[in-house]
Amino acid sequence: MIDPLARVRTPADPACDVYLTGAVFLDIIFTGLDSAPVRGTESWARGMGSSPGGVANMATALARLGLHTSLAAAFGDDKYGEYCWETLERGEGIDLSRSRTPPGWHSPVTVSMAYEGERTMVSHGHEAPPPGPEPAAASVPETRSAVVSLAPDRPQEWIAKASAAGSLVFADTGWDESGRWDLAALPDLAHCEAFLPNAAEAVRYTRTDDPRAAAHALAELVPLAVVTMGADGAYGVDARTGETAHVPAIVVEALDTTGAGDVFMAGFVTGSLAGWPLADRLALAGLTASLSVQEFGGSLSAPGWNEIETWWRNAQALTPPRGAESGGASGAESGAEGEGPSLVERYAFLTGLLPAAGEPWPRRRAVPTLGFRG
């Protein structure tokens with residue numbers, strides 16, 4: 001497996017690259033629906049898959065990109081939880097030493113229905129019982145980085161501790177159901193290295209009318225601000241250097257968009273820890289997200305380096321560079337004006353990272369059942 005941090009690792013570095021905590025769901029995904037379910041009728045889906053979900057989406061995406069990942073989470077004391085634990089620990093190599101299985105607590109479940117490029121979800125679950133005197137989330141390992149999801153008026157004490165210990169904290173957020181969209185309600189933002197909201201969230205939080213303007217406003221609060229813009233790609237601002245970058249999205253036919261934002265975050269964290277230019281980080285993040293939506297599920301759809309290498313070989317064969325003089329196009333304002341670099345030029349940084357084609361690394365994918373009897 002490729003180690004994207006091989007060039008920057010030293011013997012004194014922590015064993016953990018990324019730490020995260022959250023809830024693990026069992027996801028059941030239906031695809032191939034012609035429309036949303038209609039009240040009083042039965043709908044048949046042409047495809048179905050099951051996989052770990054929730055924070056497992058992010059953890060799996062990080063691990064498949066070669067980062068040493070530690071997850072602190074509650075797993076259900078049932079067959080669903082057993083399946084999720086085995087899939088993440090044995091199948092993906094994720095460190096679950098800080099995770100737990102509360103006795104008698106059942107796994108939360110989400111049913112996702114994908115149609116017309118959108119998805120509708122129904123979830124059920126109960127909050128996990130509180131842990132013992134030393135909460136798993138408070139026992140943060142020595143780690144290069146941490147990934148968090150910020151929610152209004154819900155500060156998490158461990159974030160400040162991780163940041164103070166030298167961890168780079170990467171954060172996203174969700175929809176503010178209160179409608180206040182007040183950045184002051186996200187006090188942990190002060191401890192974050194990077195903030196990656198989507199365009200709808202970013203413009204509301206900053207009271208702007210443009211995602212790029214929102215990114216620049218957020219860069220006054222965090223060193224790195226990235227706004228994801230769906231089909232328009234992503235725009236980032238590095239407040240330390242003044243660097244900006246826009247990388248267009250790779251247009252694909254999406255089977256299931258579950259977890260695409262988590263996979264984007266994983267790609268950006270990987271490039272950031274490796275010390276890449278901002279545009280290359282956004283490019284890897286967008287590429288991994290585009291590859292993930294072509295498979296079932298949010299966690300087991302995440303690509304590894306073999307899938308990236310296969311895409312890169314095909315991209316070079318189908319879209320040769322416009323001219324050798326264009327080079328790798330790692331410029332600060334990639335694609336911001338004019339035609340911008342070609343696809344091959346934009347992703348030329350992969351050439352020095354990916355190996356020659358070899359045996360594909362076996363990856364689990366979401367399947368209709370939790371496991372066939374064998």
Residue list for the stretch 93-118, restricted to those being modelled with pLDDT of 95 or more, surrounded by 21 or more Cβ atoms within 10 Å (Cβ to Cβ) and under 30 Å from Leu33 (Cβ atoms):
Ser107, Pro108
Touching a residue at least 24 places away in the same chain (Cβ under 8 Å), surrounded by 18 or more Cβ atoms within 10 Å (Cβ to Cβ) and either outside any strand (DSSP E or B) or over 24 Å from the mean Cα position of the chain (by Cα) (or both): is that true of Leu20 in this structure?
no
Of the residues Gly271, Gly261, Gly267, which single one is at pLDDT 95 or above, surrounded by fewer than 24 Cβ atoms within 10 Å (Cβ to Cβ) and not basic (Lys, Arg)?
Gly271
Where in the stretch 155-241 are there helices (runs of 4 or more DSSP H), lying fully within it, with 3 or more residues that are farther than 23 Å from Ser70 by Cα?
199-206, 211-218
Quick check on my filter: what residues within the stretch 44-72 are farther than 30 Å from Cys192 by Cα and free of Cβ contacts under 8 Å to residues at least 60 places away in the same chain?
Trp44, Arg46
Where Ser70 falls short, out of the listed (1) hydroxyl-bearing (Ser, Thr, Tyr); (2) surrounded by fewer than 22 Cβ atoms within 10 Å (Cβ to Cβ); (3) over 19 Å from Arg364 (Cβ atoms):
(2)
Residue that is farthest from the chain's Cα centre (by Cα) [pool: residues in the stretch 246-288 that are of a type in the set (Gly, Ala, Ser) and assigned to a loop (DSSP other than H, G, I, E, B)]:
Gly275
Under 7 Å by Cβ, and 6 or more places apart or on different chains, what pairs join a residue from the stretch 237-262 that is touching a residue at least 60 places away in the same chain (Cβ under 8 Å) and under 22 Å from Thr60 (Cβ atoms) with one that is among the β-branched types (Val, Ile, Thr) and part of a loop (DSSP other than H, G, I, E, B)?
Ala254/Val293; Leu255/Val293; Asp256/Val293; Thr257/Val293
Condition check: at pLDDT below 95 and either outside any helix (DSSP H, G or I) or over 14 Å from Ala366 (Cβ atoms) (or both). Does Asp34 satisfy that?
yes
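For residues that are closer than 24 Å to Gly340 by Cβ and out of contact with any Gly (no Cβ under 7 Å at 6 or more places or on another chain), scanning just the stretch 245-258, find the one that is surrounded by the most Cβ atoms within 10 Å (Cβ to Cβ).
Val252
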If Arg144 satisfies every condition in (1) assigned to a strand (DSSP E or B); (2) in contact with a His (Cβ under 8 Å, 6 or more places away or on another chain) but one, which is the exception?
(2)
Could you tell me whether Val122 is at pLDDT 95 or above and among the aliphatic types (A, V, I, L, M)?
no
Mind listing just one residue for me: the one in the stretch 214-244 that is among the β-branched types (Val, Ile, Thr) and more than 16 Å from Ala285 (Cβ to Cβ) and, of those, surrounded by the fewest Cβ atoms within 10 Å (Cβ to Cβ)?
Thr241
From the option list Gly340, Gly327, Gly374, single residue qualifying as surrounded by fewer than 13 Cβ atoms within 10 Å (Cβ to Cβ) and either modelled with pLDDT of 50 or more or more than 21 Å from Gly271 (Cα to Cα) (or both) is Gly374
Pick out the one residue from Ala199, Ala285, Ala231 that is at pLDDT below 95 and under 30 Å from Ile28 (Cα atoms).
Ala231
Which residue is surrounded by the fewest Cβ atoms within 10 Å (Cβ to Cβ), if the candidates are limited to the stretch 289-320 and must be in contact (Cβ under 8 Å) with a residue 40 or more places away in the chain, outside any helix (DSSP H, G or I) and among the polar types (S, T, N, Q)?
Gln294
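The values are calculated or read from the model by the stated rules, or taken from the named source; none is laboratory data. All figures in this text were calculated on a predicted structure; none of them were measured in a lab. For neighbour counting, all protein chains shown are included, and Cβ atoms are generated from backbone atoms with ideal geometry for every residue, glycine included.
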